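The values are calculated or read from the model by the stated rules, or taken from the named source; none is laboratory data. Note that the coordinates shown come from a computational prediction; the quantities given were computed from them, not determined experimentally. Neighbour counts are summed over all protein chains in view; Cβ atoms, including those assigned to glycine, are modelled from backbone coordinates with ideal geometry.
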Amino acid sequence: MRRFIDLSVPLDNDAKEPFPPHIEYQNHRDSLPLAARAFGIQESDWPDGKAWAAEEVTLTTHTGTHVDAPYHYWDTTAGKPAKTVDELPLEWFYGPGVLLDFTHKRAGEEISRDEVETALARISHTLHPGEIVLVRTGCDKLLFEPGFMDAHPGMSADATRYLIECGIKVMGTDAYGWDVPFHVQGEQFRATGNPDVIWAAHYVGKELEYCQIEKLANLDKIPSPTGFTVVAFPVKLARASASWVRPVAIVEED
């Protein structure tokens, strides 16, 4: 038996992310004038005076659960043109999952390389190329709450670099973003004057190729830290920095 666990947040007008979708809903009666014109018949000819339901959606490529391509971080990776989302190998987005629990970390705190190594030791796992690493913070539960985008801990540059050097091409988080919240980065810069604190984890992608999935959900429903498969194919959007995805964890059960 296989169990499929939805790891995505819904696209919803009420989400408390800074760029939520704008969804206009058209019910079966709303569409009747257009449908009648399209078919060249009268509105009264439609059964029960109804046509089809449809929606019109306006959103960014970083709205909802999405995959960031290397091009999002910088226009080059190690001196070569950075891959856009339509250029990413599909093989990267299908593989064994590894779940790391950082729900004990507070908003604004960084997750260090040492903490990642400790989390891996705790589950007795050594990373292998092709695995997909998922970082659980618990912040997906705050999607509809004010302050969602500032509620998470973030991965450090060293932790991100470590995962990539272990052969991990795709990693993800159930938080709004991969780095610590924007305002924390701004505070760190104002305090130190050091530009290296700005988007530090994302900017690892200037030199090392990787993708991140942001705004995952339901990582708490995955029953064990390993032994499951992740499927997370992004929508093929030409020349884009990111695209939407509905990732799934597949768990084999007796």
Just for the stretch 41-61: of the residues that are surrounded by fewer than 17 Cβ atoms within 10 Å (Cβ to Cβ), more than 30 Å from residue 231 (Cα to Cα) and of a type in the set (Gly, Ala, Ser), which one is nearest to the chain's Cα centre (by Cα)?
-> 49
Tally of residues being without any contact (Cβ under 8 Å) to a residue 60 or more places away in the chain and over 18 Å from the mean Cα position of the chain (by Cα) across the stretch 88-110 = 3
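This table checks each residue for (1) under 24 Å from residue 202 (Cα atoms); (2) assigned to a strand (DSSP E or B); (3) in contact with a helix residue (DSSP H, G or I) (Cβ under 6 Å, 6 or more places away or on another chain).
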position	(1), (2), (3)
213	yes, yes, no
220	no, no, no
225	no, no, no
229	no, yes, no
236	yes, no, yes
240	yes, no, yes
246	yes, no, no
251	no, yes, no
254	no, no, no
Would it be correct to say that residue 196 is acidic (Asp, Glu), under 16 Å from the mean Cα position of the chain (by Cα) and assigned by TED's automatic domain parsing to the domain that holds residue 103?
-> no
Considering only the stretch 88-108, how many residues are loosely packed, with under 15 Cβ neighbours inside 10 Å and either β-branched (Val, Ile, Thr) or out of contact with any Phe, Trp or Tyr (no Cβ under 8 Å at 6 or more places or on another chain) (or both)?
-> 5
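Can you give me the number of residues within the stretch 18-48 that are touching a Lys or Arg at 6+ places or on another chain (Cβ under 8 Å) and modelled with pLDDT under 95?
Residues flagged as touching a Lys or Arg at 6+ places or on another chain (Cβ under 8 Å) and modelled with pLDDT under 95 within the stretch 18-48 amount to 0.
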Boolean, residue 125 is assigned to a helix (DSSP H, G or I), assigned by TED's automatic domain parsing to the domain that holds residue 235 and in contact with a strand residue (DSSP E or B) (Cβ under 7 Å, 6 or more places away or on another chain) | no
Please specify each residue of the stretch 67-81 satisfying the condition of being touching an Asp or Glu at 6+ places or on another chain (Cβ under 6 Å) and surrounded by 14 or more Cβ atoms within 10 Å (Cβ to Cβ).
-> 70, 77
Would you please name the residue that is farthest from residue 216 (Cα to Cα), looking only at residues in the stretch 62-87 that are polar (S, T, N, Q) and within 18 Å of the chain's Cα centre (by Cα)?
-> 84
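Does residue 177 count as buried (at least 18 other Cβ atoms within 10 Å of the Cβ) and touching a Pro at 6+ places or on another chain (Cβ under 7 Å)? Explain how you work it out, then say what you get.
Values: buried (at least 18 other Cβ atoms within 10 Å of the Cβ): yes; touching a Pro at 6+ places or on another chain (Cβ under 7 Å): no.
Judged against the criteria, residue 177 is not a match.
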Taking the stretch 1-40 only, how many residues are under 15 Å from residue 60 (Cα atoms), surrounded by 13 or more Cβ atoms within 10 Å (Cβ to Cβ) and not hydrophobic (A, V, I, L, M, F, W, C)?
-> 6
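Mind checking which residues of the stretch 90-108 are in contact with a strand residue (DSSP E or B) (Cβ under 7 Å, 6 or more places away or on another chain) and either farther than 21 Å from residue 183 by Cβ or not assigned by TED's automatic domain parsing to the domain that holds residue 226 (or both)?
Residues of the stretch 90-108 that are in contact with a strand residue (DSSP E or B) (Cβ under 7 Å, 6 or more places away or on another chain), as a first pass: 92-103, 105.
92, 93, 94, 95, 96, 97, 98, 99, 100, 101, 103, listed by residue number.
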Is at least one residue of the stretch 199-209 in contact with a Leu (Cβ under 8 Å, 6 or more places away or on another chain) and not β-branched (Val, Ile, Thr)?
-> no
